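K.L.:
Pasting a structure here, questions to come.
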């Protein structure tokens, strides 16, 4: 019974595309055969290949310059598969049994007989080629079972092919999403007022330094706040009912108390104050914030004028990098790199930062449609690999530096500072891993399912 799509390709040169097309077809429910031994660089057994061709309903011939050797002659394995497939088509009268998939700019005369067969172009965009191929498979009634697929290839790829990216003994530098405080005041103060309105009034009065507000309490690193409120041309002293002071050691190591504030209260107020510290730093540098669906704020750089890049030098290196934190996105407007923040006390005082991609139509106002934001994130995010996310994160932090090259903010009216470390926390590993030899050309890959959904919605 012929029910299998056979993928014929040059190895290892065209493995990348072949793996991609095989995985796409299996995800759509087609039964696919691909030379797994060839993908791994092992010996190709003709008997196995011949048996697979005998069960094939279509042969997808990956057509590129790699199918010929340096002398311009078809590679032996390619020629064997092609000629055997031609003989099957002739003997059984199979129409369009061989479908060339043209993946580069090579001429159409590399193999005898193939110029007369319609090639499906994949050379500009793999997704466009896939769409055309699927229309052809549907037209020719090639069986698929999307709901009950047995993805043997995908399983093999995960278990065998990827496992070749092995761990090796070499030092590698890893960046974390933790960003710690380098310098801060030794004491933390809490002021408890009669009501929340009084607390808010005193917070607003001392707006030149970070102060947090929680119910009827404000928190600050300053032990000498201004309590003189001007109202109706009259000065009113609004004094707290209770004042508390704690050392950083009290916060980190804990203490016993049977009344307010207990250690958990102090810890929560301190974290809220630290959030105010970092929020003030971010807002001071021109960042805007957006409340996400989880109620957290993500801070991003709007498009004030022309799009510029943040130039920085990697730690312990002379290598410079230029990275933009926003850019244009065709059909959308603008994408913006953003960060949400969570204060942490362990293993050090600092922040855990999470990366986001946000989208605006004009460079300022977020697109107010969560489904569209999600769709745009998928389209943009699939082009960002670990290296790109790392550089966006580093550029975001480096942009916060002042003219003196510090990331700092005044914490008390007496001039005490909170200074952040220049870089996020880093670790050196004694082992590394072997990256794949080639990276998938994402410019040629679009999300077929998203495009298909959009088409269906427009029908």
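K.L.:
Under a no-solvent Debye model with one identical scatterer per Cα of the range 1-95, what's log10 I(q)/I(0) at q = 0.10, 0.19, 0.22 Å⁻¹?
P.N.:
Debye curve over Cα of the range 1-95, log10 I(q)/I(0) at q = 0.10, 0.19, 0.22 Å⁻¹: -0.25, -0.92, -1.22.
K.L.:
Would you give the gap between the C-alpha center of the range 372-432 and the C-alpha center of the range 285-324, rounded to a whole Å?
P.N.:
8
K.L.:
Pairing the Cα long axis of helix 370-381 with the longest principal axis of the chain, what angle in degrees results, from 0 to 90 and rounded to the nearest 10?
P.N.:
That helix lies at roughly 60 degrees to the long axis.
K.L.:
Could you list 243, 318 in order of exposure, starting from the residue whose Cβ has the fewest other Cβ atoms within 10 Å?
P.N.:
318, 243
K.L.:
Label-point separation (nm) for residue 180 and residue 124, each offset 7 Å from Cα along Cα-to-Cβ?
P.N.:
Between residue 180 and residue 124, the simple spin-label model gives 5.3 nm.
K.L.:
Using all Cα-Cα distances in the range 87-129, what percent lands in each 5 angstrom bin from 0 up to the longest?
P.N.:
The percentages, shortest bin first, are 6, 20, 25, 22, 15, 9, 4.
K.L.:
On a full-extension model of 0.36 nm per residue, what is the gain between residue 228 and residue 428, subtracting their alpha-carbon distance, rounded to one decimal in nm?
P.N.:
66.8 nm
K.L.:
Run the quick spin-label model on residue 306 and residue 413: label points 7 Å from Cα toward the beta carbon, then report their separation in nm to one decimal.
P.N.:
Rounded to a tenth, the inter-label distance reads 4.5 nm.
K.L.:
With a Cα-only, solvent-free Debye model of the range 267-337, what are the log10 I(q)/I(0) values at q = 0.12, 0.13, 0.21 Å⁻¹?
P.N.:
Taking Cα atoms of the range 267-337 as identical point scatterers yields -0.49, -0.57, -1.04.
K.L.:
Ok, one more. Can you tell me the orientation of helix 263-284 relative to the chain, as the angle in degrees between its alpha-carbon axis and the longest Cα principal axis, to the nearest 10?
P.N.:
Rounded to the nearest ten degrees, it is 70.
K.L.:
Then there is this: By counting other Cβ atoms within 10 Å of each Cβ, how are 274, 329 ranked from fewest to most?
P.N.:
Ascending Cβ contact count within 10 Å gives the list 329, 274.
K.L.:
Along each principal axis of its Cα atoms, how long is the range 186-283 end to end? Whole angstroms, biggest number first, please.
P.N.:
46, 35, 21
K.L.:
From Cα coordinates alone, what are the radius of gyration and Dmax values for the chain in angstrom?
P.N.:
Cα only, the chain: 30.9, 104 Å (Rg, Dmax).
K.L.:
For the range 355-403, what's the radius of gyration and Dmax over Cα atoms, in angstrom?
P.N.:
Radius of gyration, then largest Cα-Cα span, for the range 355-403: 13.0, 40 Å.
K.L.:
Give me 345, 225, 101, 301 sorted ascending by neighbouring Cβ count inside 10 Å, so fewest comes first.
P.N.:
Fewest-to-most Cβ neighbours within 10 Å comes out as 345, 225, 301, 101.
K.L.:
In degrees, nearest 10, range 0 to 90: what is the angle between the Cα axis of helix 448-458 and the longest Cα principal axis of the chain?
P.N.:
So the inclination is approximately 80 degrees.
K.L.:
Extending each Cα 7 Å along its Cβ direction at residue 346 and residue 83, get the distance between those two points in nm, one decimal.
P.N.:
7.1
K.L.:
Report the FRET efficiency, 1/(1 + (r/R0)^6), for residue 314 and residue 247, where r is their Cβ-Cβ distance and R0 is 30 Å, rounded to 0.05.
P.N.:
0.25
K.L.:
Between the range 175-241 and the range 334-355, what's the alpha-carbon centroid distance in Å?
P.N.:
Comparing the Cα centres of the range 175-241 and the range 334-355, I get a distance of 23 Å.
No value in this document is a laboratory result; all are computed from the given coordinates. Just so we're clear, the structure is a prediction, and the values are computed from it rather than from any experiment. Positions of Cβ are backbone-derived with ideal geometry, glycine not excepted, and every protein chain shown enters the neighbour counts.
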